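Read through the structure below, which is laid out as structure tokens, and then see the notes.
The values are calculated or read from the model by the stated rules, or taken from the named source; none is laboratory data. Since we're looking at a predicted model, the values are computed, not measured. Reconstructed Cβ throughout: ideal geometry from the backbone, glycine too, with neighbour counts over all protein chains shown. What goes into the accessible areas is simple: the full protein's heavy atoms, side chains included, and nothing from ligands, DNA or RNA. Shrake-Rupley method; radii C 1.70, N 1.55, O 1.52, S 1.80 Å.
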Amino acid sequence: MPTDFALVTPADLVALNARTVRASSAAVSHCTPTDLSKPTPCAGWNLRDLLSHMIAQHRGFAAAARGDDDPNHWQPRPLGLDPVADYRAAADHVLDAFTADDILERAFPLPEFTTEFRFPGSQALTFHFIDYVVHTWDVDRALGRTTTFDDDLLAAALPIAEFVPDDGSRTAPGAAFAPRLPWTGADTLDRIVALLGRSPRWPA
């Protein structure tokens with residue numbers, strides 16, 4: 001994950017993250033029960049697995065915003081009868097948690113990454129932001145849809161994606177991102193997903 005939380009200006013970070021989470025909710029809203037078994041760009045995960053992961057991450061980050069370091073918050077749970085509603089509730093929960101006036105100065109426990117120290121809120125939100133740029137693309141691609149983000153959001157996300165270390169951690173079990181893929185196209189979102197180990201041409 002990126003370690004330089006100054007890549008996005010603090011004044012913009014909360015708003016950019018919120019826009020991204022809302023875009024992810026819009027993408028998930030197109031999911032039907034028959035879609036849950038579809039493959040995704042996340043290797044080995046179908047859409048059900050991906051949504052369970054995304055919901056768990058929202059819950060984990062919301063707990064971390066409160067200073068709660070219980071790792072159980074980060075564990076995926078089975079989806080309910082209405083996965084879209086499940087996702088929307090988790091997304092609203094984390095967005096509400098991130099509205100605190102001092103959110104960027106809080107110390108976030110992120111036990112998925114390390115238990116040795118806590119992360120500044122501005123850094124933690126950077127993690128969440130780039131994850132959901134990519135996961136929105138993952139969902140849309142699994143559903144055969146096109147992801148559209150505003151240029152300013154992509155301009156903020158690109159240097160974060162470039163900064164994520166491309167080292168052995170990307171091949172470890174449970175790694176957030178696969179190794180970078182070469183990509184020379186002009187589309188910024190394609191560049192971002194390639195930097196984070198997805199093929200912009202997926203599923204080809």
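Here are the numbers for the structure shown:
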item	result
Any chance H93 is closer than 27 Å to G197 by Cα and surrounded by fewer than 21 Cβ atoms within 10 Å (Cβ to Cβ)	no
Residue in region 172-183 that is open to solvent by 70 Å² or more (accessible area, probe 1.4 Å), within 29 Å of A63 (Cβ to Cβ), over 11 Å from the mean Cα position of the chain (by Cα) and modelled with pLDDT under 95 present	yes
Region 87-120 - residue that is in a loop (DSSP other than H, G, I, E, B), among the charged types (D, E, K, R) and more than 18 Å from the chain's Cα centre (by Cα) and, of those, farthest from A26 (Cα to Cα)	E116
D138, sole failed condition from (1) of a type in the set (D, E); (2) open to solvent by 10 Å² or more (accessible area, probe 1.4 Å); (3) within 20 Å of A176 (Cα to Cα)	(2)
Residue match in region 193-202 (condition: of a type in the set (K, R), closer than 19 Å to V28 by Cβ, modelled with pLDDT of 95 or more and in contact with an Asp or Glu (Cβ under 8 Å, 6 or more places away or on another chain))	yes
Meets criteria (under 24 Å from P173 (Cβ atoms), under 17 Å from the mean Cα position of the chain (by Cα), assigned to a loop (DSSP other than H, G, I, E, B) and of a type outside the set (A, V, I, L, M)) for P41	yes
Qualifying residue in region 145-162 (condition: open to solvent by 20 Å² or more (accessible area, probe 1.4 Å) and touching a Pro at 6+ places or on another chain (Cβ under 8 Å))	no
Residues within region 138-164 that are among the hydrophobic types (A, V, I, L, M, F, W, C), part of a helix (DSSP H, G or I) and closer than 14 Å to N46 by Cα, tallied	2
Hits in region 47-82 (condition: open to solvent by less than 40 Å² (accessible area, probe 1.4 Å), touching a Ser or Thr at 6+ places or on another chain (Cβ under 8 Å) and part of a helix (DSSP H, G or I))	L47, L50, M54
Qualifying residue in region 167-190 (condition: assigned to a helix (DSSP H, G or I) and among the hydrophobic types (A, V, I, L, M, F, W, C))	yes
Candidate set from region 184-204 (those that are among the small types (G, A, S) and either surrounded by 16 or more Cβ atoms within 10 Å (Cβ to Cβ) or free of Cβ contacts under 8 Å to residues at least 12 places away in the same chain (or both)); member that is nearest to T114 (Cα to Cα)	G197
Every pair of residues 6+ apart whose Cβ atoms lie under 8 Å, when the first sits in region 30-46 and is open to solvent by 80 Å² or more (accessible area, probe 1.4 Å) while the second is charged (D, E, K, R) and not in a loop (DSSP other than H, G, I, E, B)	S37/R48
Single residue of region 98-117 satisfying the filter (open to solvent by 20 Å² or more (accessible area, probe 1.4 Å) and either in contact (Cβ under 8 Å) with a residue 60 or more places away in the chain or of a type in the set (G, A, S) (or both)) that is nearest to V139 (Cα to Cα)	F113
